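Novice: First the structure, which I've put down as C-alpha cells, then a few questions once you've had a look.
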Amino acid sequence: MNKALREGLEIWGVSRTGRNSISAYVSVESFYALHKLNRGLHCRIHILKKHGLPIALSRLRYRKILAFGWIAVLAALLIASRFIWFLRIEGCDQVREEEIVATLAEMGVRPGIPRGDITTRGLGRAVMATDSRIAWAGAELYGVILQVSIREAGDTPKVLEQGKPGSLYAAKDGVIRRITPLSGKALFNAGDAVLKGQMLITGDLGNDIAVEARGDVIARVLYRFSYTAAYEQVLPARSGNSFSYVEASLLGYSLPAPEIPFEDYEVERGAAHTLPALLPIEIVRVTCRELTQQRQILSEAELTPLAKAGAQKLMEQGVEHSARILSVQAEQQTDETGLTVILNVIAEENIAKSGALHAKDE
Amino acid sequence: MHKNKRRIRLGRRLLSALDLPEEAAGTPKLTVLGREHVLIENHTGVYQYRAEEICLYTKAGMLYVTGEDLTLREITPERLYISGWVAGLRYEGEAGAKNNKKD
C-alpha cells in the first residue's frame, strides 16, 4: 500500500476482508500500474467488481454496431428536437381550433418546421390580428410542442334603441321587492305596496326630457284560485256488460287478442296457469268490463282529489311562467253545491308593463 | 536521537518565527470526529493494517488507532481518513519514526 501511495496511485475504501486479504477501490489507470508494483511482493490481485463509465464504454468496444445505433438514435433525437412536431391550441370557444390551425398554416407554421423559424411573440400578434373575435393570442414553445393560447373577446354589449317616450305601470297588485330602472326614474322603493295600474317608473325626467322607461320591478303577488267540484259528477262507471277471452302466451309471445265490443272498458286479468307440458305455455283469463258515463253522487273524500286537481290546473294557467312561486296554501270548504278548494299562492315576478308617458294619458 | 530532538526544536522555532502552523513541518495532525471518523494528516506510511488496529508511521512516533471495523476510506501520501468504531489513539516509540522500509 505504501509503495502504491509513493507511486501516486489512487486507492480508497480500503477494508480488511480476511486475515491475509484486503479489498480496495482503484481507478483503471492505477489498476494497471498496480500489476507492475506487485512484482516480487507475492500478492495476488483479483477484480471483485467493475463499474463506472470507462468500464461501460469498454464493453461497447466489440459491439460497434450497437454503439453506432446508440449514437444514431441520440443524433436523431437531437435533430428531431430542433423541429416542431405538435400544435396545441387552447382557449377556443367560439373560434374553432381548425380555424386557428388553418390561420397558422397560412402563416407557414405547421408541424415539421424548425423551431428557430418561429418568433413566439410575433406569432401571437399575427394570430390576434387575423380574427376580431380573438382579444389576445400568445404562443409558447414546449420542446417540440407549439402551444397557441387565445382569449376570445366577449359578446359586445347590446345597444338599446330608444323608442317612444313612455312609463312603466304595475300590471298587478303587489309588494315591491326590488326595483331596477334601466332608463327613467323609479317612483317606488322596495317594500312599497302598489296597486294595479300605478306608475312605477316614469319616463318623464323633467326639463322637457322624456325617455322610454325600462327596468324590472320584482314584486310579491298574491294569487287566489278556487275550484268547486259538485257532489253530482258524470264519471265513467261499469255498465254491467263484460267480455271475456283466454290469452295464451309462450315465452312472452301471446296470440292476438279478439276485438273488444266496447268503446271504453276496464281490463281484469285472472291468475296465470301454466300447462303441464314440455312447452311453458301460460294461460290467462282476461275480462273486459264496459265503462259508460254515468251520473254519480260522490262523497267528500272522493271529491277532494278532483277539486284539488281542478285548482292546481287553474294555478298553472293563472300564474305567470316566469314567476317564482314562494308558497302555496290550500283551503277546503263545503256547501250544498259541492266541495271547494282554494289555493292562496304567493309568487315573485316582474309586474312592470309599458304604458303612456303620463298616467292621465293611460 | 538527540540530534533528532534538536532538529525538531529548531524547526519549531523557525516555524514560529515565520508565523506558520506547526503541521507545516510535518507534525502529524489528528482530527477525531466522534468515535467514527479520524483524519490523520502528515503520516509517513502504513506499518500495519487490521480491522481492529491500524499502525502508522509519523514524525511523532508510531501512531496506533485501535477500534473495530476500521476502514481506510481515503488514503494519500499525506492524508489518511479512517472510519469505523474508534476505541483509542496512542503513540509508541521515539519521535521521528520513519517509514524506511523498502517494501
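The values are calculated or read from the model by the stated rules, or taken from the named source; none is laboratory data. Since we're looking at a predicted model, the values are computed, not measured. Reconstructed Cβ throughout: ideal geometry from the backbone, glycine too, with neighbour counts over all protein chains shown.
Novice: Quick check: anything in the stretch A:28-36 away from chain B (no Cβ under 14 Å) and within 30 Å of A:ILE118 (Cβ to Cβ)?
Specialist: Taking every residue of the stretch A:28-36 in turn, none turns out to be away from chain B (no Cβ under 14 Å) and within 30 Å of A:ILE118 (Cβ to Cβ).
Novice: Tell me, which strands (runs of 3 or more DSSP E) lie completely within the stretch B:1-94 with 2 or more residues that are surrounded by 17 or more Cβ atoms within 10 Å (Cβ to Cβ) and without any contact (Cβ under 8 Å) to a residue 24 or more places away in the chain?
Specialist: Per the criteria, B:61-75.
Novice: Are any of the residues in the stretch A:268-291 closer than 21 Å to A:GLU232 by Cα and assigned to a loop (DSSP other than H, G, I, E, B)?
Specialist: No - not one qualifying residue is present in the stretch A:268-291.
Novice: Are there any pairs with C-beta distances below 7 angstrom linking a residue in the stretch A:1-15 that is at negative phi and among the small types (Gly, Ala, Ser) to a residue that is part of a loop (DSSP other than H, G, I, E, B) and surrounded by 15 or more Cβ atoms within 10 Å (Cβ to Cβ), with the two at least 6 apart or on different chains, and if so which?
Specialist: none
Novice: Taking the condition closer than 17 Å to B:ALA51 by Cβ and more than 8 Å from every other protein chain (Cβ to nearest Cβ), does A:ARG39 pass? Let's see the steps before the verdict.
Specialist: On the way: closer than 17 Å to B:ALA51 by Cβ: no; more than 8 Å from every other protein chain (Cβ to nearest Cβ): yes.
So A:ARG39 does not fit the description; no.
Novice: Name every residue in the stretch A:262-313 that is in contact with a Cys (Cβ under 7 Å, 6 or more places away or on another chain), within 30 Å of A:LEU339 (Cα to Cα) and either exposed (fewer than 11 other Cβ atoms within 10 Å of the Cβ) or small (Gly, Ala, Ser) (or both), in order of residue number.
Specialist: None; the set is empty.
Novice: Moving on to the next point. Consider A:SER23 against the criteria (1) within 14 Å of chain B (Cβ to nearest Cβ); (2) touching a Ser or Thr at 6+ places or on another chain (Cβ under 9 Å); (3) at positive phi: it satisfies all of them except one. Which criterion is unmet?
Specialist: (3)
Novice: Now for a different question. Only one of these conditions is not met by B:ASP19: (1) within 23 Å of A:ILE22 (Cα to Cα); (2) at pLDDT below 75. Which number is it?
Specialist: Just one mismatch for B:ASP19, condition (1).
Novice: Which count do you get for residues in the stretch A:322-362 that are loosely packed, with under 12 Cβ neighbours inside 10 Å, part of a loop (DSSP other than H, G, I, E, B) and among the small types (Gly, Ala, Ser)?
Specialist: Selection size over the stretch A:322-362: 1.
Novice: Working only within the stretch A:184-211, note down all residues that are in a strand (DSSP E or B), surrounded by fewer than 19 Cβ atoms within 10 Å (Cβ to Cβ) and within 40 Å of the chain's Cα centre (by Cα).
Specialist: Once the filter is applied, which keeps residues that are in a strand (DSSP E or B), surrounded by fewer than 19 Cβ atoms within 10 Å (Cβ to Cβ) and within 40 Å of the chain's Cα centre (by Cα), the stretch A:184-211 yields only A:ALA186.
Novice: Of all the strands (runs of 3 or more DSSP E) wholly in the stretch A:1-101, which have at least 1 residues that are surrounded by 11 or more Cβ atoms within 10 Å (Cβ to Cβ) and within 60 Å of the chain's Cα centre (by Cα)?
Specialist: By residue number, A:86-90.
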